[in-house]
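Here's the structure we're looking at; comments come further down.
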Amino acid sequence: MNDAPPTLTVSLLVLPESFPGALYCLHELFGLAGRTWQPITGEPEAATCHFAPRLVSVTGEPAASPAGPVIAVEAPLHAPPAPDIVIVTDLGLPIDFDPRGKWAEEAAWLRRMHAQGAVVGSICSGSLFLAEAGLLDGIEATTHWAVAPIFREHYPEVKLRPERILCPAGAEHRIVSAGGASTWSELGLYLVARFAGETEARRLSKVFVIGDKSDGQLPFAAMARPRQHADAAIGKAQLWIADNYTAENPVARMAEVAGLPDRTFSRRFRRATGYGPVEYVQALRLEEAKQMLETTDAPTDAVALAVGYADPVFFRRIFKRQVGVTPARYRQRFAGLTALRSA
């Protein structure tokens, strides 16, 4: 019996005007979804599906780009399997560009894919391609602010919302437009959350360090996977603390479980795992606290108590020192993906 999660095909559409940056960023993001967290942290993967991204074009051959680098197209449009998701990214267009009548073959293909059930996304000026394909008529869409005049001139039937970063619209929200070129991250995480789960989207945001970086990198960090080792006594202590990290005097209790004097235990624990015993317990507690802050509405004091800190002031202090932000700020940053998923 095969318990592997299903795989969704993501076609990243390469047009003659396509820039390469967002295409490759999305290719990497989707390709690593459900495959990168476990090697880093040792935690089991949580993605409910995997993605198979590929760069496609009419010819399937390498394509020049306005930015200079050649785009390594991987397949022609019509090569099976049919895509579950199609995304067109930012395009290099003059400010007076007239898109009418452009991209006829690609537009016809996109209409067929959408009619067959594919979710369609755009980034930046790529939304003009969706408009030319007729998919944005009568619905809300966003785009780069500089492209708004072209929409107003040629596609007045589109309900343009250039102030929005992300705009899911249409039946079952099967059309999703995003704003400027850098919003590939918002669109990518939205689709990962939608299809592979919010936990996987949060994990990818941490691995890629996506989001507000004004507080530095610590808020994105997770507990690194402890070293593999052959010290049976330390392994026994690790198994015990995994289920008992809220216990009082946890380091002394771990030494008892390992059957070692305190100083010997501390020395062997660091040599085996790469962590000091106190650091290890704190890391376990803080990872659980972060999970609670991301996924529940529990008050901070209740989170502190639940992970083993009876003094909420001490909890906030150690959380800020280790994570770089307060618990409230952390919740604000990462719980927001839930709202994004339900947008």
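The values are calculated or read from the model by the stated rules, or taken from the named source; none is laboratory data. Here the structure is a predicted model, which is why all the values come from computation and not from measurement. Note: ideal-geometry Cβ built from the backbone for every residue, glycine included; neighbour counts use all protein chains shown. Side chains included, ligands, DNA and RNA excluded: accessible areas come from the protein's heavy atoms. Shrake-Rupley method; radii C 1.70, N 1.55, O 1.52, S 1.80 Å.
The charge dipole of the chain, taken about the Cα centre with unit charges on the Cβ atoms of Lys, Arg (+1) and Asp, Glu (-1), comes to about 1300 debye, rounded to the nearest 20.
As a quick test, which of the pairs Lys159/Lys320; Lys213/Lys236; Lys236/Lys290 have an alpha carbon distance above 32 angstrom in this structure?
Details: Lys159/Lys320 43 Å; Lys213/Lys236 39 Å; Lys236/Lys290 26 Å.
Over 32 Å apart, Cα to Cα: Lys159/Lys320; Lys213/Lys236.
Taking trypsin sites (Lys or Arg not before Pro) as exposed when their DSSP state is a loop state and no more than 15 other Cβ atoms lie within 10 Å, the longest site-free interval of the chain runs over 228-343. Between the residues Phe314, Val119, Ser182, the greatest Cα displacement towards the positive end of the dipole of the chain, with unit charges on the Cβ of Lys, Arg, Asp and Glu, is found for Phe314. Remark: spin-label model distance Ala224-Lys320 equals 2.7 nm, labels positioned 7 Å along the Cα→Cβ axis. Computed from the C-alpha gyration tensor, the three semi-axes of the ellipsoid equivalent to the range 207-343 are 30, 17, 13 Å, from longest to shortest.
With a 1.4 Å probe and every protein chain kept in, tell me what percent of the accessible surface of the chain is carbon plus sulfur.
54 percent
Identify which of the listed values of percent of Cα pairs over 36 Å apart was calculated from the structure shown: (i) 17; (ii) 37; (iii) 33. Checked against the structure: label (iii). Think of each Lys and Arg Cβ as +1 and each Asp and Glu Cβ as -1; about the Cα centre, that makes the dipole of the range 141-180 roughly 60 debye.
Relative to the longest principal axis of the Cα atoms of the chain, the long axis of helix 312-323 lies at roughly 60 degrees. Taking 0.36 nm per residue of sequence separation and removing the Cα-Cα distance, the Ala146/Ala302 pair yields an extension gain of 51.4 nm. Restricting the calculation to Cα atoms, the range 1-108 yields a radius of gyration followed by a Dmax of 16.3, 57 Å. What number comes out for the charge environment of Glu17, summing +1 per Lys or Arg and -1 per Asp or Glu over other residues with Cβ under 15 Å away? Counting the neighbours of Glu17, the net charge comes to -4.
Helix 184-196 and the long axis of the chain differ in direction by around 70°, with both axes built from C-alpha atoms. A simple spin-label model places the labels of Thr48 and Thr264 5.1 nm from each other, with each point 7 Å out along Cα-to-Cβ. Computed 3J(HN,Hα) for the range 239-248, one whole-Hz value per residue from the Karplus formula 6.51 cos²θ - 1.76 cosθ + 1.60 where θ = phi - 60°, is 4, 5, 5, 4, 9, 9, 5, 8, 5, 6, glycine and proline marked x. Using only Cα atoms, find the angle between the long axis of helix 21-32 and the longest principal axis of the chain, and express it within 0 to 90 degrees, rounded to the nearest 10. Rounded to the nearest ten degrees, it is 50. Using the Cβ of Gly274 as centre and a radius below 15 Å, the other residues enclosed give a net charge of +4, where K and R count +1 and D and E count -1.
Gln291 to Asp3: FRET efficiency via 1/(1 + (r/R0)^6), r the Cβ-Cβ distance, R0 41 Å, to the nearest 0.05? Walk me through the intermediate numbers first.
Working: r = 24 Å, r/R0 = 0.58.
Calculated transfer efficiency: 0.95.
When restricted to Cα atoms, the range 164-250 yields an Rg and a Dmax of 19.7, 59 Å, respectively. On the beta carbon distance between Arg111 and Val209, with R0 = 45 Å, the FRET formula returns roughly 0.75. Each Cα pair under 8 Å and six or more residues apart adds its separation to the average, and for the range 40-175 the resulting relative contact order is 19 percent. Accessible area per residue for the chain is 46 Å², calculated with a 1.4 Å probe on protein heavy atoms, without ligands, DNA or RNA.
If R0 is 35 Å, what FRET efficiency do you get for Arg35 and Phe97 from their C-beta distance, rounded to 0.05?
0.35
A Cβ-based charge dipole, computed about the Cα centre of the range 166-287 with Lys and Arg at +1 and Asp and Glu at -1, lands at about 500 debye.
If contacts are Cα pairs under 8 angstrom and at least 6 residues apart, what is the relative contact order of the range 3-113 in percent? Each step should come with its number before you reach the end.
Details: 177 pairs, mean separation 39.6, N = 111.
In percent, rounded to a whole number, it is 36.
When both the range 133-196 and the range 230-304 are represented by their alpha-carbon centers, they are found 46 Å apart.
Express in nm, to one decimal, how much length is gained between Asp311 and Gln217 on full extension, taking 0.36 nm for each residue of separation and deducting their alpha carbon distance.
Details: separation 94, 0.36 × 94 = 33.84 nm, distance 2.66 nm.
Full extension from Asp311 to Gln217 adds 31.2 nm.
Find how much the distance from His154 to Glu172 grows on full extension, using 0.36 nm per residue of separation minus their present alpha carbon separation; answer in nm with one decimal.
Details: separation 18, 0.36 × 18 = 6.48 nm, distance 2.63 nm.
Gain on extension, His154 to Glu172, equals 3.9 nm.
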